[in-house]
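Peer 1: Please find one structure pasted underneath; my questions will follow.
Readers should treat all values here as calculations from the given coordinates under stated rules, not as data from a laboratory. This structure is a prediction, so every number in the text was calculated from the model and none was measured. Positions of Cβ are generated from backbone atoms using ideal geometry, with glycine treated the same way; all protein chains shown enter the neighbour counts.
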C-alpha cells in the first residue's frame with residue numbers, strides 16, 4: 001500500500017505544529033510540512049513527488065498564485081487545495097477550496113480525490129484492529 005503524500009503549507013505558530021498536519025496524519029496520510037511559501041518551494045525541490053498540495057491562503061511571504069504556479073509547472077496532475085478563511089482572497093490555479101474552520105471538509109475532499117488509497121488505508125486499519133482484538 002502506498003499512502004498519498006501531501007505538502008502542507010501552513011502558518012507557523014510558536015510551540016506548536018500544523019493542525020492540518022495532525023488532521024491528515026490522523027487519517028494516515030503522509031505529510032511534509034512547510035511554514036512559508038519560500039520553505040514550501042525549497043521543500044518541493046527536495047521532495048517533488050507529492051500527490052497533492054494543501055495550502056493555507058494566509059501565507060504571505062510569497063503570493064499564493066506564485067506558489068501554486070511553480071508547483072503546478074512540475075506536478076500538473078496533483079490537486080492543489082487552498083484552505084481559506086472568510087476574508088481570504090482567491091488563489092488562481094487552485095484545484096479546490098475548503099473552509100479553514102472545517103477540518104472534516106478537507107478530509108472528505110481528500111477521500112474523494114484518492115478513493116482507492118483511502119479504501120486501502122481503511123482496510124489496513126480494519127486488519128490491524130482485528131489483530132489487536134484477537135490478542
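Peer 1: Relative to the longest principal Cα axis of the chain, at what angle does helix 103-113 sit, 0 to 90 degrees, rounded to 10?
Peer 2: Helix 103-113 sits roughly 80 degrees off the main axis of the chain.
Peer 1: Moving on to the next point. Report, to the nearest 10°, how far helix 115-134 tilts away from the longest principal axis of the Cα atoms in the chain, using its own Cα long axis and a range of 0 to 90°.
Peer 2: 40 degrees
Peer 1: For segment 43-76 and segment 96-126, what is the separation of their C-alpha centers, rounded to whole Å?
Peer 2: Centre-to-centre (Cα) distance: 20 Å.
Peer 1: Quick one: 2, 54, 23, fewest Cβ neighbours within 10 Å first, how do they rank?
Peer 2: With the fewest neighbours first, 2, 54, 23 line up as 2, 23, 54.
Peer 1: Related question: Most exposed first by the Cβ proxy, i.e. fewest other Cβ within 10 Å, how do 118, 66 rank?
Peer 2: 66, 118
Peer 1: Something else: If I fit a long axis through the Cα atoms of helix 64-74 and take the longest principal axis of the Cα atoms of the chain, what angle between them do I get, 0 to 90°, rounded to 10?
Peer 2: Around 60 degrees separate the two axes.
Peer 1: A further question on this structure: Could you give the nm distance between label points at residue 2 and residue 105, where each point is 7 Å from its Cα heading toward the beta carbon?
Peer 2: Taking the simple label geometry, residue 2 and residue 105 are separated by 3.1 nm.
Peer 1: Tell me the label only: which of [x] 45, 14, 13; [y] 27, 16, 14; [z] 24, 15, 14 is semi-axes √(5λ) of the Cα gyration tensor in Å as calculated from this structure?
Peer 2: It is the value labelled [y].
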